[in-house]
Amino acid sequence: MKILTHQIHQIPIAEIISEKIIIKTIDDGVDLLGTLYFEGLDRLILHVKNINVDFFDLKTGMAGEILQKFSTYRVRLAIVGDVSVYSSQSMQAFIMESNRWGHINFAPTLTDALEILATG
């Protein structure tokens, strides 16, 4: 795993780069949050391919627990990639609601994610 830092309008935005799944469990998500928080980074881009598919099944509670921690510590998150494959009605509603509030966002491209996190 590598953390790449983008500077957009003097705002540092961390991007996780890896070919492996980084978030396998709730604890992995919390550990990643702690690492970023310790480094003073409060905006993160994470790719769909680096997240366990259980995250996208709301019945597991994984997304809720991890994203609640990000909200509590005020670390903004953009999840980048095609989430249309997670087509359950509840997940699609969750994605729309998250994007509406803007603290947790789902973006189709890295460019979109950087733009979202560089504002507000």
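Each value in this text was obtained by applying a stated rule to the coordinates, not by laboratory testing. Because the structure is predicted, anything quoted here is derived from the model rather than measured. With ideal geometry, Cβ positions are generated from the backbone for all residues, glycine too; neighbour counts draw on all protein chains shown.
Results, tabulated for the structure shown:
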read-out	value
Per residue Cα convex hull volume in Å³ - calculated over the range 25-115	88
Rounded Å value of the spacing that divides the Cα centres of the range 69-120 and the range 1-28	14
Helix axis angle, 62-72 relative to the chain longest principal axis, alpha carbon, degrees	30
Distance (nanometres) between label positions extended 7 Å along Cα→Cβ at Ser87 and Arg74	4.1
Unit charges on C-beta of K, R, D, E only; dipole of the chain, Debye	100
Stretchable slack from Met96 to Leu4, in nm (0.36 nm times residue separation minus alpha-carbon distance)	30.4 nm
Cα-based shape type of the range 1-72, given that a ≥ b ≥ c are square roots of the gyration tensor eigenvalues and the cut on a/c is 1.5	prolate
Helical contribution to [θ] at 222 nm, DSSP H n ≥ 4, -39,500 (n - 2.57), averaged over the chain, rounded to 500	-11500 deg cm²/dmol
Cα-projected label distance for His103 with Lys49, points at 7 Å along beta-carbon direction, nm	3.0
